[in-house]
Every structure is written in structure tokens, then in C-alpha cells.
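Chemist: Okay, handing you the structure first.
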Amino acid sequence: MAIVVRIDVELARRKMSVGEFAERVGLTPANVAVLKNGRAKAVRFSTLEAMCRVLECQPGDLLEFVDEPADDRTPSST
């Protein structure tokens, strides 16, 4: 996936556990794991806002675009 989620980096910088983060954001630890592992298909802006508020960071600190080589992209149906 071209979007890399960097929640683990921000949690480590703040020495915050996944459990504490999940509780403060209002997510389950399982949903935080889905986000951290890049398995989420979408993130609500309200959730992103809560994550940024808890971690005192910007959305760009949590999400990064990494371009994939053309061979790895799934062709779009037209």
C-alpha cells in the first residue's frame, strides 16, 4: 500500500502503550493494531483528529505516502 501508517513511531517517541493510546483516542486496541499494521482501508477524520490531539502531532506525522513501483500497483478497472 502506498500509505504508510507511522503510529508506532509516534507512540515510541512518547513512550505510550497501545492500550493507553487506544483508551485516550476512543478505539479498541484491536482497531489500533489494524491501523498500525496498515490493514485499515480508511480512517475517519474525527479519529485522525483524536489521534493527533492525543499524540500532539500533525496528520503527516502519522501518515506517509510512499510511491510504489509500477509493477506493484493493482490495475484499475475501466
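Chemist: Which condition from (1) surrounded by fewer than 14 Cβ atoms within 10 Å (Cβ to Cβ); (2) touching a strand residue (DSSP E or B) at 6+ places or on another chain (Cβ under 8 Å) is the one that Thr28 breaks?
Modeler: (2)
Chemist: Count, please, the residues in region 20-78 that happen to be modelled with pLDDT of 95 or more, farther than 13 Å from Glu10 by Cα and either touching an Asp or Glu at 6+ places or on another chain (Cβ under 9 Å) or basic (Lys, Arg) (or both).
Modeler: Number satisfying all stated conditions: 3.
Chemist: Are any of the residues in region 27-50 touching a helix residue (DSSP H, G or I) at 6+ places or on another chain (Cβ under 9 Å), farther than 25 Å from Glu68 by Cβ, part of a loop (DSSP other than H, G, I, E, B) and without any contact (Cβ under 8 Å) to a residue 60 or more places away in the chain?
Modeler: The answer is yes, given that some residue of region 27-50 is touching a helix residue (DSSP H, G or I) at 6+ places or on another chain (Cβ under 9 Å), farther than 25 Å from Glu68 by Cβ, part of a loop (DSSP other than H, G, I, E, B) and without any contact (Cβ under 8 Å) to a residue 60 or more places away in the chain.
Chemist: Within the set of pairs 6 or more residues apart or between chains, which connect a residue that is touching a residue at least 60 places away in the same chain (Cβ under 8 Å) and farther than 12 Å from Leu55 by Cα inside region 1-13 to a residue that is among the aromatic types (Phe, Trp, Tyr) and surrounded by fewer than 11 Cβ atoms within 10 Å (Cβ to Cβ) with Cβ atoms less than 8 Å apart?
Modeler: Every condition considered, the pairs that remain are Ala2/Phe65; Ile3/Phe65; Val4/Phe65.
The values are calculated or read from the model by the stated rules, or taken from the named source; none is laboratory data. The shown structure was predicted, so the numbers you read here are calculated from the model rather than taken from an experiment. Counting neighbours? That spans all protein chains shown, and the Cβs are built from the backbone with ideal geometry, glycine included.
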